[in-house]
Amino acid sequence: MFVSVILDSEYMGMGERIKWFIKNLSYARRKGWLIVTHEYLKAHFTELIQNCADRFYDEFEMERISETEMLDMNICFIPDDFFDQLKRRYFSRSKMIVELTNKNFPDLMGYVDEAISNELRKRPGEKVEGIFNCLHCFKSIVDLAEKYECPVIPYVFSALRKVHGYRQTLYMANMSADLMNNNEIKGLYADFQPEKFDFPLFSNKEILALLGKERNLPLLSLMDRPGIYELGVAAEGFRITPQSYDVNYVTDDDIYYEAFQHYEKNQVISRLHPMMLDQVGIGREHMKNDPAAFILSYKRVAAVQSQIIMKAALWKRTACIFSQALPYSFLFPDNLTEDRPLNQKDLNFIIFCYFIPDAYMFDETYWLWRMSGPSANEIFEKHLYLILKKLNYKQSIIYSADRLHDILDGRGYEDRSLTKLKGEDFPVDYAYLSSRLGLEYEDGRYRNIYCLNYKLDDCIISEFALGEGVGIQNAVVWALEGVDGWVKVGEAEFDSGVI
């Protein structure tokens, strides 16, 4: 039997755990898991799922669950009053989180222990094989795992997730009961021997072509260009993450202090986290949701533990992690003056060995296999082959002589932007890198085509390759994709004819 714990260990509020709750319910009703979560989610379930947009069911890879189905499952609801009393005792939410992380609270442990014991009585011969834990672990859950002699498996989205437009969701997870612990990943890394593979490791471009967002494929042409600014700072969503700050004592302010020892202020540009914009009343709708243009315009990107750091590594920018608050921090520099993009071995290790594909993340058989101690190379291959299968590629593509082309071809992508655009030195404006053409066909299909813009004198040029263009009923252009404001269109051409 597996147990799954979904408790709020951040500043999001209990209601914000609803998607993780529904995702876990999707597995629990098929596999008989015991779920542990907030009483609040039970009391407000109908209201919360009504406010859950349809797109999340696909992007979050979860099933639709009715309240009746939910109430019929094995769930331990922790009384809200338990957390309310703690909040009153400590006043500070931050202090409360640190205490829950570091101290055992017998009442919390008792609620869950009783629920597990009741379930095991119904299942003679079974034992607790493992405890999944959404995000950071509370000490009471860790101690409970010791009692039942099973691992705690904390997990969180990695930088690559379908909800942000990537083709697969990959997770950070381990069996050490500490979400950001790096001991397990260090052991895995020491065991990683890519020279024993009979195929070459994937390049940055190949990984982004395989897993990346459709809108960003034209930007691959810019990967090998140096950025125009010295340092981009990827600000945190929360001012501190208590579990990390309690150990590392590092914030964004430490990055700025260090950065201004080396660079002029106009060479250090920040990207605020969308949550921060919401909190100060500006709203995230006024910023580009996708950070690729931000990343490409810098020589290096720094963060405390923002996962944009991994995206920067994918785009071949020097990524500086200014703390040990991410499990893979030891593979990255913390010196803000370094010029050292992540090498191919380390990048492949993180993407295909450490990160875990969604289809395995909540797979009991997979985790029992991991508990048996497979080699790092075996894990790498298992993950890679599953990803290829999910994306409808044959395994033989790993041996392709022109793997980048074949990966893009498998996506149906016409790589005109990678080969046609005025050679390697065509001028671009990093603030306005791409545009989008939306095509509506007579048979009801809808298709988006993205292009990499280039500059000509004082104009920005967008060129789209339509192929044959048969059956197009309507076409809509989003000039300067993702940018607020107005743009003057000077001229439009079709097949080199002005329209």
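The values are calculated or read from the model by the stated rules, or taken from the named source; none is laboratory data. Computed from a prediction, not measured in an experiment: that's the story for all the values here. Because the Cβ atoms are built from the backbone with ideal geometry, glycine has one as well, and the counts that use them run over all protein chains shown.
Run F202 past the list (1) surrounded by fewer than 20 Cβ atoms within 10 Å (Cβ to Cβ); (2) touching a residue at least 12 places away in the same chain (Cβ under 8 Å) and report the number of the one that doesn't hold.
Condition not satisfied by F202: (1).
All but one of (1) within 18 Å of G212 (Cα to Cα); (2) surrounded by 18 or more Cβ atoms within 10 Å (Cβ to Cβ); (3) at pLDDT 95 or above; (4) not β-branched (V, I, T) hold for S417, so report the exception by its number.
Status for S417: all satisfied but (3).
Pick from the range 347-389 the residues that are β-branched (V, I, T) and farther than 25 Å from T318 by Cα: which of them is farthest from the chain's Cα centre (by Cα)?
Going through the qualifying residues, I end up with T365.
Hey, can you tell me all the residues within the range 236-253 that are closer than 17 Å to C320 by Cα and of a type outside the set (S, T, N, Q)?
Residues satisfying the conditions are E236, Y249, V250, D252, D253.
Within the range 171-189, can you find the residues that are of a type in the set (G, A, S) and either surrounded by fewer than 18 Cβ atoms within 10 Å (Cβ to Cβ) or assigned to a loop (DSSP other than H, G, I, E, B) (or both)?
Of everything in the range 171-189, those that are of a type in the set (G, A, S) and either surrounded by fewer than 18 Cβ atoms within 10 Å (Cβ to Cβ) or assigned to a loop (DSSP other than H, G, I, E, B) (or both) turn out to be S176, A177, G187.
Answer with yes or no whether K213 is surrounded by fewer than 22 Cβ atoms within 10 Å (Cβ to Cβ), without any contact (Cβ under 8 Å) to a residue 40 or more places away in the chain and closer than 20 Å to Y430 by Cβ. Full working, then the answer.
Working: surrounded by fewer than 22 Cβ atoms within 10 Å (Cβ to Cβ): yes; without any contact (Cβ under 8 Å) to a residue 40 or more places away in the chain: no; closer than 20 Å to Y430 by Cβ: yes.
In short, no.
Exactly one of these conditions fails for N335: (1) more than 17 Å from L210 (Cβ to Cβ); (2) buried (at least 19 other Cβ atoms within 10 Å of the Cβ). Give me its number.
Only one criterion in (1) more than 17 Å from L210 (Cβ to Cβ); (2) buried (at least 19 other Cβ atoms within 10 Å of the Cβ) is unmet by N335, namely (2).
Can you go through N343, N335, N392 and tell me which one is under 23 Å from the mean Cα position of the chain (by Cα) and within 30 Å of I269 (Cβ to Cβ)?
Exactly one of N343, N335, N392 is under 23 Å from the mean Cα position of the chain (by Cα) and within 30 Å of I269 (Cβ to Cβ), namely N343.
Could you tell me whether the range 37-44 includes any residue that is modelled with pLDDT of 90 or more and more than 26 Å from M1 (Cα to Cα)?
So the first thing to find is which residues in the range 37-44 are modelled with pLDDT of 90 or more, and the list is 37-44.
Filter once more, keeping what is more than 26 Å from M1 (Cα to Cα): 43-44.
Checking the range 37-44: at least one residue is modelled with pLDDT of 90 or more and more than 26 Å from M1 (Cα to Cα).
Are any of the residues in the range 190-198 in contact with a Cys (Cβ under 8 Å, 6 or more places away or on another chain), in contact (Cβ under 8 Å) with a residue 60 or more places away in the chain, more than 27 Å from F60 (Cβ to Cβ) and crowded, with 18+ Cβ neighbours inside 10 Å?
So far as the range 190-198 goes, yes, one or more of its residues are in contact with a Cys (Cβ under 8 Å, 6 or more places away or on another chain), in contact (Cβ under 8 Å) with a residue 60 or more places away in the chain, more than 27 Å from F60 (Cβ to Cβ) and crowded, with 18+ Cβ neighbours inside 10 Å.
Can you name the number of the only condition in (1) out of contact with any strand residue (DSSP E or B) (no Cβ under 7 Å at 6 or more places or on another chain); (2) buried (at least 22 other Cβ atoms within 10 Å of the Cβ); (3) hydrophobic (A, V, I, L, M, F, W, C) that A359 fails?
Against the list (1) out of contact with any strand residue (DSSP E or B) (no Cβ under 7 Å at 6 or more places or on another chain); (2) buried (at least 22 other Cβ atoms within 10 Å of the Cβ); (3) hydrophobic (A, V, I, L, M, F, W, C), A359 comes up short only on (2).
Quick check on the range 287-297. Is at least one of its residues loosely packed, with under 14 Cβ neighbours inside 10 Å and at pLDDT below 80?
yes
Taking the range 202-246, which residues are modelled with pLDDT of 95 or more, out of contact with any Phe, Trp or Tyr (no Cβ under 9 Å at 6 or more places or on another chain) and over 17 Å from I295 (Cα atoms)?
S203, E206
What pairs can you find where one residue is in the range 475-489 and on the phi > 0 side of the Ramachandran plot, the other is surrounded by fewer than 16 Cβ atoms within 10 Å (Cβ to Cβ) and in a loop (DSSP other than H, G, I, E, B), and their Cβ atoms are less than 7 Å apart, with a gap of 6+ or different chains?
As it stands, the answer is L480/V487; G482/N289, since those pairs meet every condition given.
Would you mention how many residues in the range 431-452 are crowded, with 18+ Cβ neighbours inside 10 Å and not in a loop (DSSP other than H, G, I, E, B)?
Of the residues in the range 431-452, 10 are crowded, with 18+ Cβ neighbours inside 10 Å and not in a loop (DSSP other than H, G, I, E, B).
Farther than 24 Å from N183 by Cβ, out of contact with any Asp or Glu (no Cβ under 6 Å at 6 or more places or on another chain) and at pLDDT 95 or above - does that describe any residue in the range 375-384? Write out each step before concluding.
Step one: list which residues in the range 375-384 are farther than 24 Å from N183 by Cβ, which gives 384.
Still in the list and also out of contact with any Asp or Glu (no Cβ under 6 Å at 6 or more places or on another chain): 384.
Next, only the ones that are at pLDDT 95 or above stay: 384.
Scanning the range 375-384 turns up at least one residue that is farther than 24 Å from N183 by Cβ, out of contact with any Asp or Glu (no Cβ under 6 Å at 6 or more places or on another chain) and at pLDDT 95 or above.
Taking the stated definitions as given, is I153 in contact (Cβ under 8 Å) with a residue 12 or more places away in the chain and in a strand (DSSP E or B)?
Answer is yes for this residue.
Out of all the residues in the range 9-34, which are crowded, with 20+ Cβ neighbours inside 10 Å and not in a helix (DSSP H, G or I)? Please lay out each step first, then the result.
To start, the set of residues in the range 9-34 that are crowded, with 20+ Cβ neighbours inside 10 Å comprises 9, 14, 17-18, 20-25, 27-28, 33-34.
Correct list: S9, W33, L34.
Tally up the residues in the range 453-487 that are assigned to a strand (DSSP E or B) and of a type in the set (A, V, I, L, M, F, W, C), please.
So the count comes out to 9.
Would you be able to tell me the number of residues in the range 450-480 that are among the aromatic types (F, W, Y) and farther than 14 Å from L433 by Cα?
0
I'm checking my understanding of the structure. Among residues of the range 373-414 that are basic (K, R) and not in a helix (DSSP H, G or I), which one is surrounded by the most Cβ atoms within 10 Å (Cβ to Cβ)?
R411
Go through (1) surrounded by 18 or more Cβ atoms within 10 Å (Cβ to Cβ); (2) out of contact with any Ser or Thr (no Cβ under 9 Å at 6 or more places or on another chain); (3) farther than 26 Å from K31 by Cβ; (4) of a type in the set (A, V, I, L, M, F, W, C) for A115 and report which single condition fails.
(3)
For the range 313-349, name all the residues that are within 18 Å of L222 (Cβ to Cβ), part of a loop (DSSP other than H, G, I, E, B) and not hydrophobic (A, V, I, L, M, F, W, C).
Scanning the range 313-349 gives K316, R317, D339, P341.
Tell me, yes or no, whether the range 92-115 has at least one residue that is in contact with a Cys (Cβ under 8 Å, 6 or more places away or on another chain) and either at positive phi or hydrophobic (A, V, I, L, M, F, W, C) (or both).
yes
Within the range 224-275, restricting attention to residues that are of a type in the set (S, T, N, Q) and more than 14 Å from T337 (Cβ to Cβ), which residue is surrounded by the most Cβ atoms within 10 Å (Cβ to Cβ)?
T241
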